[in-house]
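Contents: one structure, followed by commentary.
The values are calculated or read from the model by the stated rules, or taken from the named source; none is laboratory data. Worth saying up front: this structure is predicted, and the values here are computed from it rather than measured. We place every Cβ from the backbone using ideal geometry, glycine too, and count neighbours over all the protein chains shown. Only protein heavy atoms, including side chains, enter the accessible area calculation; ligands, DNA and RNA are left aside. Shrake-Rupley method; radii C 1.70, N 1.55, O 1.52, S 1.80 Å.
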Amino acid sequence: MDIFSRYAPFIQDFIYRNNWESLRAIQAAAGDAIFNTDENVLLSASTASGKTEAAFFPILTLFSEAPPRSVGAIYIGPLKALINDQFSRLTELCEEADIPVWHWHGDVAQSHKGKMLKKPSGILQITPESLEAMLLRKHSIIPKLFGDLRFIVIDEVHSLMRGDRGGQTLCLIERLAALAGVNPRRIGLSATIGDLEATGKFLASGTGRGTIIPRIEAKGAKWRLSMEHFYISQQDQNDSDSPGEALDVLDNATDTAPANADAGMGYIFEHTKGKKCLVFVNSREECEAVTTTLRSYCEANHEPDRFLIHHGNLSSAYRETAEAAMKDDDIFMTTCTTATLELGIDIGRLERAFQIDAPFTVSSFLQRMGRTGRRDLPPEMWFVIREELPEPRSLLPETIPWKLLQGIALIQVYLEERWVEPPKLDRLPFSLLYHQTMSTLASNGELTPAELASKVLRLQYFHRITKDDYRVLLRHLLETDHIQRTDEGGLIVGLAGERIINSFKFYAVFQENEEYTVRWDSQELGTIVMPPPVGEKVAIAGHVWIVEELDHKRRTVYVSQIKGKVPAYFGDCAGDINTKILERMRLVLAEDKSYPYLMKNAVKRLAQARSTAANAGLTDYPLICLGGNMWCLLPWLGSYAFLAMERFLKIKCGDQLGLRGMDSSRPYFIQFTMKTSPEDFFRILAAEAAKEFDPLELVYPNEVPLFEKYDEYLPPELIRKGFAYGILDISGMKERIREWADKYI
């Protein structure tokens, strides 16, 4: 029987109503795997290929044939916006079959949640944080809610595989399954997975099942792609025709930008007129600044405001307003956004996306590109690379357009090799270990040390954690009153631990800053960190406000709107760049190759950079003399191998080299002064790297490197161990030094 015939009648009717002429390959493959096996399934296909329907058509068919006695499927989504979008899509699909669809996150009304608790059934859509809260606060009714749970669908699974949030999700699934006495099948969905086999193993952890990974041949897709370069403080760059035609390169004409304005912003302003677009940036601060600037263009040109804003610190009202406007085909507005609109959500007939500077990963580039190209339009992205004009006395490495090289490298590694970042699954997740220990103890009540260790250490994500390390953690938590021992010898949450657990922020394992709610009259605008004093300005929701009142006790800032610009601050935003990208950046500088998506300014800037690099031998030799005894090292290493290199130079080689004044621009170059020759530099590095040493030796004396959210509650020895063995890429660093030794000694 073909898959379409196997679908329930209401699914077939849905397909007919939407005028689908045939099932897509991913839908046929998913149906075969879900209907005809009992394995987990990993569905990897391009954005807008119908992965969600591919998973849910067979699941809903099975539910219509044998309705579950509880919630039958959990859909875990990484973003509220994605859950809101999928909720409306699934509700329409399920109405005819009378299969309830529930969504559950911080913005959902309690009345909706209450109905699900009274009659658990159908499909529950939830974020990892809300699932954590449910396990913690509704522990006793988990068997009732999920006693017949059959499937867990994890959307955008790649976004959960590079940090503690993915580990938390796996832990929650295992804890819920054990508590409810079920072993649901897991179905992962993603458009950008770098290592399918590793992801399949990650997905199957603890299930006793394998993972079926249907191999779907991707159709050749045409991209509309451009990349232009602008100096922020100079506007003498004139636009021109496209330099090539291998890709469908975009028109580069633009009107003159207003006086004293940022030329890159003027370029975006002109090319979003009358269109529905997204402008992606890499931080919330930049999102606010870009929105404010673009709105000032509207004002200067006496045009209505046509720019919206969307990021994680905005109130739900602002976010949902932007989402609704983008879905409306009759509204032609542009939304400035961070990664919050990067994943999954269908925002209608989007005409083009802009990317300011380069994202950090190929995965992010593909996801952002994939927001466009739906409904028979080709995917279209315009990169806008901006840099300050180098000063005449700038040192050599500061004259290289690193963001331009990074953008080109991200595109080229995918075009040439279809390469995407592999998952990073080898860390020592001590911060998450603390979190899951406290959550398990709070939800279960008193446990003996052995019972607690059994419940936590059996979770597959903690397979690298030793019993000795766990004893160290528990002793420390007892000493700091995060847990305490009862008269009977059991463990319960202590007073210090209660303060952590009772905060709503406990549910999330990603790093948050101390936030203040910003209010304007009756409206909640969003949240900020480090609010300025009364009388100072703050930027949020794409406008500028003056602080009228600060309530530190309630963490609320009261504001009124004014005109002008001001930097916004939401906390640090660090990027994690793979070594593969840095190596391709070096090749971009070294090769004599044109890229058809580069516009005239970008072509000119790249030519300048290549000339500079050739004259200085920048790509041939990693150690460049900047004058006198000042040197620059270009390791061409990713973020964590670069970090290891910095520490190795200073701690293991510093005295022998006479290193002083080390200054890094991660992960591009390291500047320093030294007293040895280049030959001795490479000889000393090779000799030290050949010696066996404990990674802990690259942690500075008395240093406690806090990387993750709950590191501050860990014993210092575990923080240092997690950093040395789980963060620093020492093997990547050593491999590069061996390459140098073979070439230069």
In the stretch 633-745 the accessible area split gives carbon plus sulfur, as whole percent at 1.4 Å, a share of 47 percent
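Using a Förster distance of 51 Å, how high is the FRET efficiency between S665 and A109, based on the Cβ-Cβ distance and rounded to 0.05?
My answer for the efficiency is 0.60.
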Around G188 (Cβ within 14 Å, Cβ-to-Cβ, excluding G188; K/R +1, D/E -1) the net charge comes to 0
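What does the charge add up to near F10, with Lys and Arg as +1, Asp and Glu as -1, over the other residues with Cβ less than 10 Å from its Cβ? Mind dumping the intermediate values first?
On the way: positive: none; negative: D13, E95, E96, D98.
So the surrounding residues net to -4.
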Out of F146, V557, Y7 - ranked by how far each Cα lies towards the positive end of the dipole of the chain, with unit charges on the beta-carbon of charged residues - the top one is F146
Over all directions, the chain yields a Cα convex hull whose mean projected area in nm² is 34.1 nm²
Taking the chain and counting helices only, DSSP H stretches of n ≥ 4 at -39,500 (n - 2.57) each over all residues, the nearest-500 ellipticity at 222 nm comes to -12000 deg cm²/dmol
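For the chain, what is the charge dipole size about the Cα centre, in debye to the nearest 20, if Lys and Arg each add +1 at the Cβ and Asp and Glu each add -1 at the Cβ?
So the magnitude is around 1080 debye.
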In terms of the alpha carbon gyration tensor, root eigenvalues a ≥ b ≥ c, rounded if a/c is under 1.5 and otherwise prolate when a/b exceeds b/c or oblate, the stretch 1-59 is oblate
For the stretch 461-566, the accessible surface attributable to carbon and sulfur atoms (probe 1.4 angstrom, ligands and nucleic acids excluded) amounts in percent to 49 percent
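Charges only on Cβ, +1 for Lys and Arg, -1 for Asp and Glu: so what's the dipole of the stretch 287-370 about the Cα centre, in debye to the nearest 20?
Values: 7 positive and 13 negative charges, 40 e Å.
Here the size comes out at about 200 debye.
If you stretched the chain out fully between Q523 and S611, how much longer would it get, using 0.36 nm times the residue separation minus the C-alpha to C-alpha distance? Walk me through the numbers on the way to the answer.
Working: separation 88, 0.36 × 88 = 31.68 nm, distance 5.40 nm.
In short, 26.3 nm is gained.
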Once the in-chain neighbours fewer than 8 apart are removed, the aspartates and glutamates whose Cα is under 20 Å from K675 read E646, D655, D663, E688
Counting only protein heavy atoms and rolling a 1.4 Å probe, one gets per residue an accessible area for the chain in Å² of 42 Å²
The set of residues whose placed amide H lies less than 5 Å from the amide H of G188, leaving out same-chain residues fewer than 5 positions away, is V41, L42, L43, I154
Plugging the Cβ-Cβ distance of K201 and T321 into 1/(1 + (r/R0)^6) at R0 = 56 Å yields, to the nearest 0.05, a FRET efficiency of 0.85
Gyration tensor on Cα atoms of the stretch 402-546, a ≥ b ≥ c root eigenvalues, a/c under 1.5 rounded, else prolate if a/b beats b/c, else oblate, says oblate
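If I compute solvent accessible area with a 1.4 Å probe over the protein chains, what percent of it on the stretch 1-126 is carbon and sulfur? Kindly include the intermediate steps, with their values, before the conclusion.
On the way: 2560 of 5230 Å².
Its accessible area is 49 percent carbon and sulfur atoms.
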Summed over the other residues with a beta carbon less than 15 angstrom from that of R610, with K and R at +1 and D and E at -1, the charge totals +2
Non-local residues with an amide H under 5 Å from the amide H of L447, with H modelled 1.01 Å from N and Pro and chain starts lacking one, are L491
If the label point sits 7 Å along Cα→Cβ of Y725, residues of the stretch 470-486 with amide N under 14 Å come out as 470-473
